[in-house]
Amino acid sequence: MSQHPSAAEPQITPELVASHGLKPDEYERILKLIGRPPSFTELGIFSAMWNEHCSYKSSRLHLRGLPTKAPWVIQGPGENAGVIDIGDGQACVFKMESHNHPSYIEPYQGAATGVGGILRDVFTMGARPIACLNLLRFGAPDHPKTRHLVAGVVAGIGGYGNSFGVPTVGGSVNFHTRYDGNILVNAMAVGLADTDKIFYAKATGVGRPIVYLGSKTGRDGIHGATMASAAFEADAEEKRPTVQVGDPFSEKLLLEACLEIMARGCVVAIQDMGAAGLTSSAVEMGAKGNLGIELDLDKVPCREAGMSAYEMMLSESQERMLMVLDPAKEEEAEAIFRKWGLDFAVIGKTTDTLRFVIKHKGQVKADLPIKELGDEAPLYDRPHVATKPQAPVDAASLAAPMSNADALVKLIGSPDLCSKRWVWEQYDHLILGNTVQKPGGDAAVVRIGEGPKGLALTTDVTQRYCEADPFEGGKQAVAEAWRNLTAVGARPLAITDNLNFGNPEKPHFMGQLVGCLKGIGEACKALDFPVVSGNVSLYNETEGRGILPTPSIGGVGLVADVTKTATLAFRNAGEAIILVGETAGWLGQSVWLRDVCGREEGAPPPVDLAAERRNGEAVRALIVEGAVSAVHDLSDGGLAAALAESAMAAGVGARIENAAGGTPLHAWLFGEDQGRYILACAADRAEAILAGLRAKGVPARRIGVTGGDSLTLPGEAPILLATLRRAHESWLPDYMAGEIING
Amino acid sequence: MRAAVVTFPGSNREGDAARAIRQATGREPVHVWHADTALPVGVDLVVLPGGFSYGDYLRCGAIAGRAPIMDAVRAHAARGGYVLGVCNGFQILCESGLLPGVLMRNRDLRFVCRMQHLRVERADTAYTTRYAKGQAIEVCIAHGEGNYEAHEQTIARLEGEGLVAFRYCDAAGLVGGAANPNGSTNDIAGIYSDNLRVLGMMPHPENLIDPLVGGTDGRGLFESLAAA
């Protein structure tokens with residue numbers, strides 16, 4: 001270790017430490033750990049490893065409560081992605097990850113590299129990606145930046161996924177003023193692998209070559225992970241140089257080359273260079289394998305001359321991989337990479353020293369204990385306060401300010417409930433020829449190869465519920481994902497979670513994280529729906545204002561036979577419509593209360609997990625039997641919104657009877673009680689289906705009949721489907737064309 | 001019908017094209033790499049699949065049009081062989097000089113992926129015998145640069161000589177207006193070479209071969225070829 005930093009390297013001062021996002025006590029921890037002041041490069045390495053994004057220092061303690069195991073879980077959290085067994089020797093590999101801050105600063109590249117990063121996480125494990133999804137949250141439509149951000153993010157997601165060649169089959173887009181300065185871009189990727197050919201980051205064997213693959217290293221993205229771990233101030237846009245630039249073409253080549261050398265048995269360990277680039281990937285490989293790592297940075301392929309060790313260790317240039325290869329197959333692997341026109345360089349070796357040693361131009365730039373870099377990262381039990389519960393809203397005391405028909409047209413043409421066709425038509429959702437159910441339904445269904453198996457995929461969270469009651473909101477996010485998978489006929493298997501929250505150093509926001517995690521854990525346990533991968537994004541705050549707590553849930557379910565799925569569309573006239581689940585008319589935190597009455601208040605609907613499971617299993621059985629012709633889950637906008645969506649989908653209307661009983665009609669129509677579905681079935685089968693449901697203890701009643709070119713709500717004039725469709729389809733294109741200023 | 005599918009770096013629908021050929025002909029197509037300089041002996045049909053060849057950071061298809069394999073493809077076409085270019089493959093055919101014109105950015109400057117009807121302009125070519133003239137078939141599109149343009153005289157010649165293969169239309173077969181997704185001249189979705197052996201088209205018939213996944217209207221094109 002050179003005791004004298006070179007002239008080019010700044011002195012370590014308290015200001016320099018602070019600018020690396022390290023708190024004084026964290027710096028003390030470094031001094032104690034290595035027994036001397038760190039070099040400039042080492043300071044950079046610590047800042048990369050100990051930021052929130054990489055170390056989970058605020059969330060780790062609370063993540064421990066999540067259920068991560070089930071007989072079908074092959075790999076839970078802690079690897080590049082989660083892995084579940086889907087039978088027949090096949091595994092599904094998936095994860096969701098945020099790219100929030102970069103996407104706000106530079107929406108196209110931020111979103112594009114978010115997609116690139118998550119795809120890399122999946123194919124690093126040996127899986128070929130078969131689908132992408134996303135969950136996007138933007139600021140209020142009338143915020144001056146929102147339109148620009150929507151346009152850029154959607155184009156960026158499409159630009160990367162379309163070129164890479166994976167269908168983007170699902171997602172969720174909402175707007176709220178609390179995301180004005182801090183949008184959310186969560187991307188999920190799903191891949192397929194053979195269960196006996198999963199690749200991991202753990203390095204084995206001393207003296208083995210460490211190989212750098214993919215694109216060259218440049219100066220982009222330096223300190224990206226550190227930026228992702230800080231709140232934004234007014235100068236957010238000055239951080240543009242920390243955003244990486246994506247190259248989907250290189251990633252596609254990297255995918256094909258990686259899968260080819262994996263198939264030839266060349267790979268011992270593999271890790272993608274994502275957040276904190278070379279630093280994080282190398283440390284992870286060594287620490288997991290109980291090995292030291294020595295890197296010679298003179299060998300790193302660089303895009304520009306004169307890069308320092310510090311820059312190379314912190315660059316987040318995209319489309320790069322680190323591998324430990326079987327030395328006997330090094331030449332074979334190199335030939336494959338050359339064929340694909342990718343860089344291939346041996347840049348170091350594994351050692352038995354348990355040290356992380358960085359050499360550059362004949363100097364040792366860093367020499368750190370490798371395991372402690374990860375294991376000794378700070379762990380905080382941050383103070384947290386629970387969100388004060390709100391009283392339930394009494395539906396009977398709420399007068400409806402407009403007719404139920406007008407309210408429905410308004411809601412299905414509102415920013416949150418309107419058709420997102422403008423978004424998903426910019427994503428290639430049909431490539432690979434296996435998209436059995438495309439965007440716009442409850443869950444996407446993707447066939448596996450030539451079938452008959454398929455995967456059902458969804459992303460969900462209802463952030464306003466989480467804000468009002470983090471525990472119930474956390475439960476609901478999981479239950480909603482489970483319900484959406486169930487509604488297409490899939491058996492829900494596992495989730496990935498992407499926890500987007502505000503500043504964890506503020507007890508209120510920390511309390512939201514703690515509460516949501518408890519709710520998520522409880523729902524996952526009750527529904528046998530474990531968490532197998534995830535990502536935590538904290539400090540989603542701009543100028544002191546935090547986002548709504550948004551724990552995005554990406555759910556995966558198995559469809560045994562893709563010819564037996566359900567869609568939400570009413571297909572035939574004269575069929576019975578059945579409402580499944582208990583309807584109390586819960587209006588607290590409903591979109592009706594917010595968008596029709598202008599009130600964001602009340603306790604959110606509670607989730608009865610036992611009823612959720614009971615109702616869902618009964619509905620799934622009906623789908624598998626082929627007893628129902630349409631199934632739709634009830635969520636935002638309640639029964640009325642669901643009926644409108646089912647009627648619009650294939651142009652078959654419906655007439656609904658007043659089955660509200662003692663519930664005020666507007667609450668019956670727009671309440672957001674959980675654990676509910678609507679079904680359509682042949683009229684002569686309705687009684688048998690109702691009897692079967694009731695025998696299982698599932699509340700169910702007949703509420704109407706399909707047919708006609710309009711939707712008729714009880715006591716209202718018929719609403720033409722054309723009117724509904726115009727409202728539903730026009731808001732987003734009109735808004736993006738600049739024809740609507742206010743939401 | 002012996003088929004070869006060319007893979008360029010950045011191609012991404014080569015598997016979809018191969019699947020459609022396999023289903024229609026019962027035979028696996030030969031896979032050809034962009035850096036190869038010859039086609040396998042006995043190949044009747046060369047498919048240039050969809051994708052973003054070489055990233056398409058330059059004009060779409062511009063680099064692929066000059067790839068080593070393209071000399072062999074041009075020679076194959078000159079011998080009267082069949083060449084089908086879909087999406088990026090159509091762009092490559094235009095860039096390689098095998099078809100006239102150019103694919104510009106879509107009218108509204110956005111990538112668009114959706115189901116799309118096409119009107120079959122003639123049913124007497126090797127690609128369309130399983131369709132009827134004037135039939136509206138439903139396939140899908142997925143492109144950002146599909147707005148076909150060519151010199152006025154070229155368009156007049158294509159129209160006059162019956163070289164327009166498909167036009168964008170609605171479900172009833174009516175062309176024009178909102179049925180045109182990208183601003184393409186005369187609603188052109190695909191064109192033939194003078195000898196009707198080379199077909200370039202933006203839409204993806206290869207993704208519409210299965211009743212479970214959108215329908216089977218694309219299958220006819222591959223079945224026509226199989227019978228040719």
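Within the stretch A:29-50, take every residue that is more than 28 Å from the chain's Cα centre (by Cα) and aliphatic (A, V, I, L, M) and give me the one that is surrounded by the fewest Cβ atoms within 10 Å (Cβ to Cβ). Step by step, filter the stretch A:29-50, then rank; the result is A:LEU31.
The set of residues from the stretch A:150-172 being β-branched (Val, Ile, Thr), out of contact with any helix residue (DSSP H, G or I) (no Cβ under 6 Å at 6 or more places or on another chain) and more than 9 Å from chain B (Cβ to nearest Cβ) comprises A:VAL150, A:VAL169. Looking at B:GLY51, is it on the phi > 0 side of the Ramachandran plot and at pLDDT 95 or above? Answer is yes for this residue.
A residue that is closer than 30 Å to A:ARG60 by Cα, touching an Asp or Glu at 6+ places or on another chain (Cβ under 9 Å), open to solvent by less than 70 Å² (accessible area, probe 1.4 Å) and within 14 Å of chain B (Cβ to nearest Cβ) can be found somewhere in the stretch A:312-321.
Within the stretch A:400-440, the residues that satisfy the criterion of being outside any loop (DSSP other than H, G, I, E, B) and open to solvent by 20 Å² or more (accessible area, probe 1.4 Å) are A:ASP406, A:VAL409, A:LYS410, A:ARG421, A:TRP422, A:TRP424, A:VAL436. Does A:VAL631 qualify as being closer than 17 Å to A:GLY704 by Cβ, in a loop (DSSP other than H, G, I, E, B) and in contact with a helix residue (DSSP H, G or I) (Cβ under 9 Å, 6 or more places away or on another chain)? It is false that A:VAL631 is closer than 17 Å to A:GLY704 by Cβ, in a loop (DSSP other than H, G, I, E, B) and in contact with a helix residue (DSSP H, G or I) (Cβ under 9 Å, 6 or more places away or on another chain). Every condition in (1) in contact with a helix residue (DSSP H, G or I) (Cβ under 9 Å, 6 or more places away or on another chain); (2) open to solvent by 10 Å² or more (accessible area, probe 1.4 Å); (3) over 19 Å from A:SER58 (Cα atoms) is met by A:GLY534 except one, and the failing one is (3).
None of A:SER281, A:SER250 is within 14 Å of chain B (Cβ to nearest Cβ), within 22 Å of A:ILE118 (Cα to Cα) and modelled with pLDDT of 80 or more except A:SER250. Applying the criterion of being more than 14 Å from every other protein chain (Cβ to nearest Cβ) and acidic (Asp, Glu) to the residues of the stretch B:170-228, the residue that is least open to solvent (accessible area, probe 1.4 Å) is B:ASP187. Residues in the stretch A:435-468 that are within 14 Å of chain B (Cβ to nearest Cβ) and farther than 16 Å from A:VAL556 by Cβ: A:LYS438, A:PRO439, A:GLY440, A:GLY449, A:GLU450, A:GLY451, A:PRO452. Counting only residues that are β-branched (Val, Ile, Thr) and within 26 Å of A:TRP592 (Cα to Cα), the stretch A:603-641 holds 2 of them. Identify the residue in the stretch A:254-270 that is within 26 Å of A:HIS99 (Cα to Cα) and open to solvent by 10 Å² or more (accessible area, probe 1.4 Å) and, among all such residues, is farthest from the other protein chains (Cβ to nearest Cβ). The residue in question is A:LEU259. Selection of the stretch B:57-77 for residues being assigned to a helix (DSSP H, G or I) and either in contact with a strand residue (DSSP E or B) (Cβ under 7 Å, 6 or more places away or on another chain) or more than 14 Å from every other protein chain (Cβ to nearest Cβ) (or both) yields B:GLY65, B:ARG66, B:ILE69, B:MET70, B:ASP71, B:ALA72, B:VAL73, B:ARG74, B:ALA75, B:HIS76, B:ALA77. Where strands (runs of 3 or more DSSP E) sit wholly within the stretch A:317-381, those with at least 1 residues that are aliphatic (A, V, I, L, M) and under 17 Å from A:ILE34 (Cβ atoms) occupy A:355-360, A:363-369. Residues that are more than 18 Å from the chain's Cα centre (by Cα) and open to solvent by 60 Å² or more (accessible area, probe 1.4 Å) were ranked within the stretch B:39-62; the one that is farthest from B:ASN147 (Cα to Cα) is B:VAL41.
Of the candidates A:VAL150, A:VAL173, the single residue that is among the β-branched types (Val, Ile, Thr) and open to solvent by less than 10 Å² (accessible area, probe 1.4 Å) is A:VAL150.
The values are calculated or read from the model by the stated rules, or taken from the named source; none is laboratory data. Computed from a predicted structure; not experimentally measured. Positions of Cβ are generated from backbone atoms using ideal geometry, with glycine treated the same way; all protein chains shown enter the neighbour counts. Side chains are part of the model used for accessible areas, which takes the heavy atoms of the whole protein and leaves out ligands, DNA and RNA. Shrake-Rupley method; radii C 1.70, N 1.55, O 1.52, S 1.80 Å.
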